[in-house]
Every structure is written in C-alpha cells, then in structure tokens.
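Supplied in structure tokens, the structure appears directly below.
The values are calculated or read from the model by the stated rules, or taken from the named source; none is laboratory data. This one's a predicted model, so the numbers in the text were calculated from it and none came from an experiment. Cβ atoms come from the backbone with ideal geometry, glycine included; neighbour counts cover every protein chain shown.
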Amino acid sequence: MSTSNTLPPLSDEFQQIELGDKRRVARTQRVADNAARLPSAGLPQQSATSADLEGMYRWANNPDIAPEAVLAGHQARTVERARAAQSVLVVHDTTSFRFGGEVERDGMGLICNKDVLMGFFAHYSLCFSRRGEPLGTIGLHAWARGRERKRVRMRQQARSDPDRESLRWHDAVDATGELLAEVPDVVHVMDREGDGFELLADMCEHDHRFVVRIAHDRRLQSKRLDRNVPKLYESLSVLPMMLEREVPLSRRGGPRKPAEPRRFGRLETRAAHLTIRAKAFTISPGNGAVYHLPDHLRLNFVEVVELQPPPDTEPVQWRLVTTEAIETAEQVAAVVDAYRARWQIEEFFKALKTGCNFEKLQLESARALTLTLTIYTAVAWRLLLLRWMDRNEPEAPAPRVLTATQLAALTAVCARKGKPLPKKPTAHHVLTAIAELGGHIKNNGPPGWQVLGRGFDQLLAIELGFIAAKGLV
C-alpha cells in the first residue's frame, strides 16, 4: 500500500535541500514543478515566461549548486517512504545518456568504447517496496569517460586500479546502506554486472543482503587450475527441482542503434513456466584476483530455467547468488521475486529517456545536464509510480497518483470531451484518460512511455490554464 493518501506537487521532493540561499531552493522547486508539468517538452516549453526560462538556464549553469545537494531532497523523501514500508529492495544498474548536436558539449566523453562523444553514464540505485511500488531514487552517480581509449591492461592491473569504474557498485551499496540504516529489511538487487567476487565479498563483510544474477561460472574448490574440480553451473543443473512457477515476462527490445549490438537478444511479452532449483555452495576467487580477498565464500545459489519456451525463442535461464534463505520453497520464490523486481529499473530508464525526453535537452555542458538530471530523476519516478499503480492497485483513489489541481483539470477536460470521469475516479481511470490525451488507442495494448509523456504534457498544460482561470495563482 502506498505510504501517502495524496500526491503532493513534485517540488515537495526538494523541500529539504540546503543550497546556501533560499532563492536557489525556490528556483529548484520551480524547475521541478515546470518539468513535472511538461515532462517530455523542451525547456522553453516548460517555462511560462522568457524570464522563467532565463532563470532556469542560470540555475542549470550555476557552479554553486551541486547536483548532490539537489538530489538529497528526493533522497530524503525516498528514505521516509522506505521507513514507512519497512521492507525494501534497492535495485542497482547503470545507463548511458547520449546527446546529439553539431557542437561538442563540455564534459562529455566516449560511449560504448567507440568514437562516439556527447555522452555520460549514470549509476542508479532505486528503492522499491517488496510489492514493487517505486519509492524513489536513493543513489545516483554520474560520470563521463575520457576521450581517449584506455590501453589494454593485464587483468591483475585492471582489478587493482583504485579508479576503476566497477567500484561504483561498491560505493552505491555502502552509501545506500547508510541512508537506509533505520530500515529493518533491505536487500540489494543487481544484474550480471554486479557479479564480481570482490563485490560479493565486500557486501558479505559489511552484512549487506543481496540477490545478484551470476555472469561467471566458477570452480567450487580452491584448486582452480585442476580441470576435474566441479563447477557451479553444472552442479546447479543436476539439483532436484524445488518448485515450479508461471511468471509474466516483460518485453525487452533490441539495441538502441544498429552499430551497438545488444548483449542479450530481444524478448517478447509472454508467460513463462519456470523450474527452480537451489542450494548453498562454497566459491573461491578466480585466477588473477586481488590479494586481500577471502579464499572462499559460502553463499546460496538459485537456478531458474524456462520449460518449453515458444519456438525459435531462447529459454529464460537465471542463475542467482544470494544471502537470503533458501530452505523452503517460499523462501526460494521470494529470492526469484526479488530479482524479477530488477526489471523496474529498465522501465525507469525508459521513463527518463522516452517519457521525459531527457536526451533531447539543449544544455551546453555535462555539468548542467547532470544537475538537471536530478530533477528529471524525480519526474521519471512519478511516471513509474503512476504506471505501477495502474497495474497493481488500479482501484486506488485517484488522489494517490495526481495532485488535487491536476485531478480537477483532468476531470474538467474529460467532461468537455464527453467522457466524464466517475465521481470517485481510480488510478486506472486517470491513467487511461491521460493516455488518451497522448493519443493512445485501447486496441494497441497498454500505453508506452512516449504516449504517457505526451499525455502528461497535455494534462499539465491544461492544468496551467485551469489554474489561471480559477485564479489560483
């Protein structure tokens, strides 16, 4: 259940920030509300006046406003929601942002190991309730790579580099764990990139609980050069089955550009029948590991395999490593459900890039974009929350997903169009109405992020007129 009965304006997410000047705080809140009103529009369309637009550009380029200080407001609200939920999942993942234009922007770097500039990376830590309700962003680290490719290094050198990018996973777990110290039940969830012996050992040492998808097969004894030593994947595959489940799989698209092959293929929406096995094993660090690592870790492992996938479709196969208990079928199912929650961060990235059109912003530097990203992060969370409510709590009252003014404006426009909302509209009613504003056709299935973004643009532009007509400002 949501932790609030009404949805405040987005500026409420930034009430607790400290920027050294009340005017900077007020401008930050105005930028947030403007972005929430027209999430997929450009900055000129979001600003009500030319003075407002000029103020937004001054804010974005102000060297005295740190992105971390702005994000701290949304983080604080996220922590409050996590405390109320008591049991949460923290999902970690990295995405890249690419920006077009003929003029190079200051602070951008290489993307995808190709000679493609105009981009930077962002490592996110999102907080969800155990039911999957998006609670907000608890961590964000953005950085740009250099414009020269790194020379090829030996594995030992790369793993010992104190500036290696992989340390962002360690830092994110430590930072979010500290922020959520008062939440009694916290589990960190990661995809294959989080599968490193050093990271697993670090999380175990600091008592962080986790569910991580495995990327590397491992020998199960310290004699790693002996070919006869049993290996993890084979040992998992011959275990007796603990349970079977049927779960819905979300669609996964192909590469964003033809020149960028995707590591894993396209996945269409379907129901998958899964068999699940689980057991504890002892693993050791691989060859070339840094010297400070323990010589072994005793952890729990879960294998998930799809039975009878559709023709010409690669079956689902997840191998998970976890600190969570696996003694009963219910405990193993909880581990699988925790990993399945990871897909929500992919939806969050779509909300940022498609629903909010963040990569279309015409700001001149990576720093200005990073600062603005802290605002759009909260906007994308709102969009994700709205769609989650429609799919999981469709009968929840509409004030849980729209502010009072937004709901009044939507009620008025629906009545004018001859499709009035019910007297007590639900979350599903308002999402359907917003999608129709964006041009959604019911026969096309659930609305996508682009349609929802357009619908919000329409609603929140109408809200501005509604406010003016009612004399609310």
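When E234 is evaluated against the numbered criteria (1) assigned to a loop (DSSP other than H, G, I, E, B); (2) without any contact (Cβ under 8 Å) to a residue 60 or more places away in the chain; (3) of a type in the set (D, E), which criterion, by number, is the only one it fails?
(1)
Considering only residues that are assigned to a helix (DSSP H, G or I) and surrounded by 19 or more Cβ atoms within 10 Å (Cβ to Cβ), look in the range 55-66 and name the one that is nearest to the chain's Cα centre (by Cα).
If we filter the range 55-66 for residues that are assigned to a helix (DSSP H, G or I), which is where we start, we get 55-60.
Now restrict to residues that are surrounded by 19 or more Cβ atoms within 10 Å (Cβ to Cβ): 56, 59-60.
On the way: M56: 26, W59: 26, A60: 23 Å.
Per the criteria, the residue is A60.
Something else now. Is it true that some residue in the range 323-332 is assigned by TED's automatic domain parsing to the domain that holds L232, surrounded by 20 or more Cβ atoms within 10 Å (Cβ to Cβ) and not hydroxyl-bearing (S, T, Y)?
yes
To continue, here is another question. Check T176 against each of (1) assigned to a helix (DSSP H, G or I); (2) modelled with pLDDT of 80 or more; (3) surrounded by fewer than 19 Cβ atoms within 10 Å (Cβ to Cβ) and name the one condition it does not meet.
Checking T176 against (1) assigned to a helix (DSSP H, G or I); (2) modelled with pLDDT of 80 or more; (3) surrounded by fewer than 19 Cβ atoms within 10 Å (Cβ to Cβ), the one that fails is (3).
Would you say V401 is under 30 Å from H141 (Cα atoms), among the β-branched types (V, I, T) and not assigned by TED's automatic domain parsing to the domain that holds R105?
When the stated conditions are applied, V401 passes them.
If H123 meets every condition in (1) crowded, with 22+ Cβ neighbours inside 10 Å; (2) at pLDDT 95 or above; (3) touching a helix residue (DSSP H, G or I) at 6+ places or on another chain (Cβ under 8 Å) apart from one, which number is that one?
Checking H123 against (1) crowded, with 22+ Cβ neighbours inside 10 Å; (2) at pLDDT 95 or above; (3) touching a helix residue (DSSP H, G or I) at 6+ places or on another chain (Cβ under 8 Å), the one that fails is (1).
Turning to a different aspect of this structure: Restricted to the range 415-473, and to residues that are touching a Gly at 6+ places or on another chain (Cβ under 8 Å) and of a type in the set (F, W, Y), which residue is modelled with the highest pLDDT?
Selected residue: W449.
What is the residue count in the range 387-424 for residues that are surrounded by 21 or more Cβ atoms within 10 Å (Cβ to Cβ) and part of a loop (DSSP other than H, G, I, E, B)?
The qualifying residues number 2.
So, one more: So how many residues does the range 437-456 have that are crowded, with 19+ Cβ neighbours inside 10 Å and over 25 Å from the mean Cα position of the chain (by Cα)?
Applying the first criterion (crowded, with 19+ Cβ neighbours inside 10 Å) to the range 437-456 yields 437-438, 440, 447, 449, 451-456.
Keeping just the survivors that are over 25 Å from the mean Cα position of the chain (by Cα) gives 437.
Matching residues across the range 437-456 total 1.
Condition first: at pLDDT below 85 and closer than 19 Å to N357 by Cβ. Now tell me which residues in the range 83-114 satisfy that. Don't jump to the end; show me each part of the working.
Within the range 83-114, the first condition is being at pLDDT below 85, and the residues that meet it are 100-105, 110-114.
Across the range 83-114, the qualifying residues are G100, G101, R105, I111.
Name every residue in the range 340-379 that is basic (K, R) and in a helix (DSSP H, G or I), in order of residue number. Before you say what the answer is, go through the steps one by one.
From the range 340-379, those basic (K, R) are 340, 342, 350, 353, 360, 367; that's our starting set.
Selection gives R340, K350, K353, K360, R367.
Go through (1) surrounded by 17 or more Cβ atoms within 10 Å (Cβ to Cβ); (2) hydrophobic (A, V, I, L, M, F, W, C); (3) within 21 Å of E246 (Cβ to Cβ) one by one and return the number of the condition F348 breaks.
(3)
If a residue must be touching a Pro at 6+ places or on another chain (Cβ under 7 Å) and over 15 Å from L437 (Cα atoms), how many such residues does the range 398-412 contain? Working first, answer last.
To start, the set of residues in the range 398-412 that are touching a Pro at 6+ places or on another chain (Cβ under 7 Å) comprises 398, 403, 407.
Retained after the next criterion (residues that are over 15 Å from L437 (Cα atoms)): 398, 403.
Number satisfying all stated conditions: 2.
Check S40, S11 and return the single one that is modelled with pLDDT under 90, hydroxyl-bearing (S, T, Y), surrounded by 14 or more Cβ atoms within 10 Å (Cβ to Cβ) and in a loop (DSSP other than H, G, I, E, B). Walk me through it before giving the result.
Details: S11 fails: in a loop (DSSP other than H, G, I, E, B).
Sole residue among the options that is modelled with pLDDT under 90, hydroxyl-bearing (S, T, Y), surrounded by 14 or more Cβ atoms within 10 Å (Cβ to Cβ) and in a loop (DSSP other than H, G, I, E, B): S40.
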